[in-house]
Amino acid sequence: MSTTTNSLSPFGTARSTVTGTPLSPEELRKTDAYMRASLYLCLGMLYLQKNPLLKEPLKKEHLKSRLLGHWGSDSGQIFTYIHFNRLIKKYGLEGLFVSGPGHGAPAVLSQSYLEGVYSEVYPNITEDEEGMRLFFKQFSFPGGIGSHATPETPGSLHEGGELGYSISHAFGTVFDNPNLITLTMVGDGESETGPLATSWHSTKFLNPITDGAVLPVLHLNGYKINNPTVLARISHEELEALFIGYGWKPYFVEGSDLDSMHQAMAATLEQAVTEIRQYQKQARDSGKAFRPRWPMIVLRSPKGWTAPRDVSGHHLEGYWRAHQIPLADVATNDEHLALLESWMKSYKPEEVFTPTGQLIPELKSLVPEGDLRLSASPVANGGHLRKALRLPDFTKYAFDVVPGVTNAPSMANMAKWLRDVVAANQDNFRLFGPDETESNKLGAVYEAGKKVWLGDYLPEDEDAGNLAFSGRVMEILSEHTVEGWLEGYVLSGRHGLLNSYEPFIHIIDSMVNQHCKWIEKCLEVEWRAKVSSLNILLTATVWRQDHNGFTHQDPGFLDVVANKSPEVVRIYLPPDGNTLLSVMNHCLESKNYVNVIVADKQDHLQYLDMDAAIAHCTKGVGIWEWASTFPDEEPDLVMASAGDVPTMESLAAVALLREHLPDLKIRFVNVVDLFKLISKVDHPHGLTDKEFKAIFTEDKPIIFNFHSYPWLVHRLTYKRPGHENIHVRGYKEKGNIDTPLELAIRNETDRFSLAIDAIDRLPNLKNKGSMTREKLLNEQIYARTKAFENGIDPDKYRNWRWTFGPKSEGVLDQLQEKLKIGGSDQPPAAVVGTSE
């Protein structure tokens, strides 16, 4: 076993990189008193529902029936918050406080209460004895508030329940926010997570001219729930080297003696803020951006600092037992109840609060004024700062379309519109992604804003590297980091879009889950203003990952999103380029949603002109008359689709059935808004049963070709009339290095499988259906054989086009006439709208 070392101890007189005693004796006295008031409120929240000022001897009936919450990180957070307040008052700083260990919510709640903000937003929680009682009782209590820095917490935009995102959220708040300093408490448990470890690199993307600054305080209190933390158990030299290697300039403040620690923290925090302001001034005065070694602070203090060191022969302060409720048995242990009372009284509430429960005036004077109070920061309620995007008219980017014949680059065309969105919104819109913007055919945006890069440069970067100190595209190969940046950016009042390969969006399943919970809870908090939606564009989709193989084939993110509250999630599957434009415009205008848009990046068939696309997207689901047979008659079969590639295969299946069974009455339905499938009772976008029957019928077979896993459609439609007639085809976890058609055949989403399935659902076809079925099966076998022989699908499948028109002539004839191209056998390239 390794020997112990005093350098790792959180106890003793302050040890700090920066020396000095900037606080006068009077300032030191007030600072210590303010901290005592805060700590008293923290314990009150954990334990009390009556007797808030301990005017009576503490009794069991004064306690909450269930003791819930966390104490371990509260002292260190309060300590840091108070010293940042001093600098806010001294320099007029615009600040934000992010609590990484957000389960230490009593720390930030106590500050909001002392600042008076809590009583402003919750007038029933008054600044007096009764208000304090209610403040205590509501914490982590049914009908009250949660035990983290939840949306009900003034000044919070980061809950800190799931750990790992404090630094990335903080950087998101300061991008394009040049006057903001976001002080971020990073728990040493949180620092062990992958997302947090990567997010230290965020300084390589921070421009000191256009952006604010993040000041991290790594809080080494030594323990998690029941284990030591890694960074608290490595040498001082190794820890310093780690952060120097990340590109930071670490300052250390270590110890437990309050007087010397207050002086050390005051000096250190002021040094850090001074350096930040100097770096920003240098860059802004010269107009030359650079990457400084931004300061950070390593605060080593005991876990549960100021608690009793030992209780009943066991360590409490400075040990893992201080993590949650430090004295959990006070309702059954009289000795511990008495200890709790003496501990709370050690903070001398009678000195820091008036007899009626107000913070005494001399301590109130330490609080910044107005919006400079951290818990009143407008940034933390970013909906009030949000300005609507200036969006170009997306209809001017439309494809001219002959349905099922025009083949065009939907994603690359949308990128031209997105380029102009970026150009028109240079200080409040950014595009985020993990190294995939170019791959995802969005490279046109570089014409309006390049990739932010504050790292070093090489000469070859001039050859389409698209790097710049000041840009609008944020890329780092960490889905966690870019998602955290985007969340911080939109929560602080701006707009953004994350683009990602579909299979690897699962990396941030849990982050999106937490964001959904945040914005749903915000809807219940009346003072929270709505923020821009979190927009996620999924491309490089499963059906075109034939070249990358099985590992890159996973459309299951839709299942994750579908689990979330219908008030906050939306899923769109635009089938072509014009619908993609319409959907993107809608999503960028929306508020308080997580919008997921699924669209492949390759060239695809186009189906709807812009007027039809707008109508289709507005409805969310519709019958395509041009793709249906005998549209005015009762159908024999409904062929439905959701997704660009499934739509093409469904149309090809309809074409096969029209060719072989021309009398078959087929209705073609496309779904762009997935939640139209849910009942109106369960989702605001859902169709009523009457509307559903009008589109899908209630007694005809429905062959539904779906982009993702088939059971999701069954789940969404389980109580619809005629649900037993819905037969869904989708990805069945079958894949390899395939051709596109062979991958579809593996999963039975190909044209042949769909047409065969339709025949099998129509027994009245009898022998005629049997012969057609045999021909389709033979053709499917041929397609697979040729794929295996040549490594590519046969041309007639690869370049398939819809050849049926509403009149006697085929669609190809219509196209030739419309575009005056004569007798060419090949369809022309798409005609793009006026904005290039």
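The values are calculated or read from the model by the stated rules, or taken from the named source; none is laboratory data. Quick caveat: nothing in here was measured; it's all calculated off a predicted structure. Because the Cβ atoms are built from the backbone with ideal geometry, glycine has one as well, and the counts that use them run over all protein chains shown. Please note that ligands, DNA and RNA were not included when accessible areas were found on the heavy atoms of the full protein model with its side chains. Shrake-Rupley method; radii C 1.70, N 1.55, O 1.52, S 1.80 Å.
The table below gives the values:
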item: For the range 616-797, alpha-carbon Rg and Dmax in angstrom; result: 16.3, 52
item: Compactness index (Cα Rg / 2.2 N^0.38 Å), the chain; result: 1.10
item: Area of C522 that stays accessible when all protein chains are in place (1.4 Å probe, Å², to 10); result: 20
item: Solvent-accessible heavy-atom area per residue, rounded to whole Å², over the chain at 1.4 Å; result: 37
item: C-alpha center-to-center spacing [the range 642-682, the range 27-75] in angstrom; result: 63
item: Sparse-neighbour loop sites [GluC sites (Glu not before Pro); the range 298-384; at most 12 other C-beta within 10 Å; DSSP]; result: E369
item: Cα-based reach from K55 at 27 Å (exclusive), listing lysines while leaving out same-chain residues under 8 positions away; result: K30, K64, K137, K345, K348, K364
item: Heavy-atom accessible area ranking, 1.4 Å probe, most first, across L651, L765; result: L765, L651
item: Computed [θ] at 222 nm, helices only, for the chain once each DSSP H run of length n ≥ 4 contributes -39500 (n - 2.57); result: -11000 deg cm²/dmol
item: Antiparallel bridge percentage (DSSP; both residues within the chain; nearest 5); result: 20
item: Under 12 Å, Cβ to Cβ, from G104 - net charge with Lys/Arg +1 and Asp/Glu -1; result: -2
item: Qualifying GluC sites (Glu not before Pro) in the range 166-245, DSSP loop, other Cβ atoms within 10 Å at most 15; result: none
item: Under 18 Å from the Cα of K690 - lysines, other chains or at least 8 residues apart; result: K619, K676, K680, K700, K719
item: T13, T717, reordered so the largest accessible area comes first (probe 1.4 Å); result: T13, T717
item: Solvent accessible area, Å² - T229, 1.4 Å probe, full protein context; result: 0
item: Cα lying deepest toward the dipole's positive end in the chain, options S650, S365, S770, charges on Cβ; result: S365
item: Check: the chain dipole with +1 on Lys, Arg Cβ and -1 on Asp, Glu Cβ, in debye; result: 760
item: Check: the range 529-659 dipole with +1 on Lys, Arg Cβ and -1 on Asp, Glu Cβ, in debye; result: 800
item: Debye, to nearest 20: dipole size of the range 238-378, +1 on Lys, Arg Cβ, -1 on Asp, Glu Cβ; result: 940
item: Surface accessible to a 1.4 Å probe, E275 within the full protein complex, Å²; result: 10
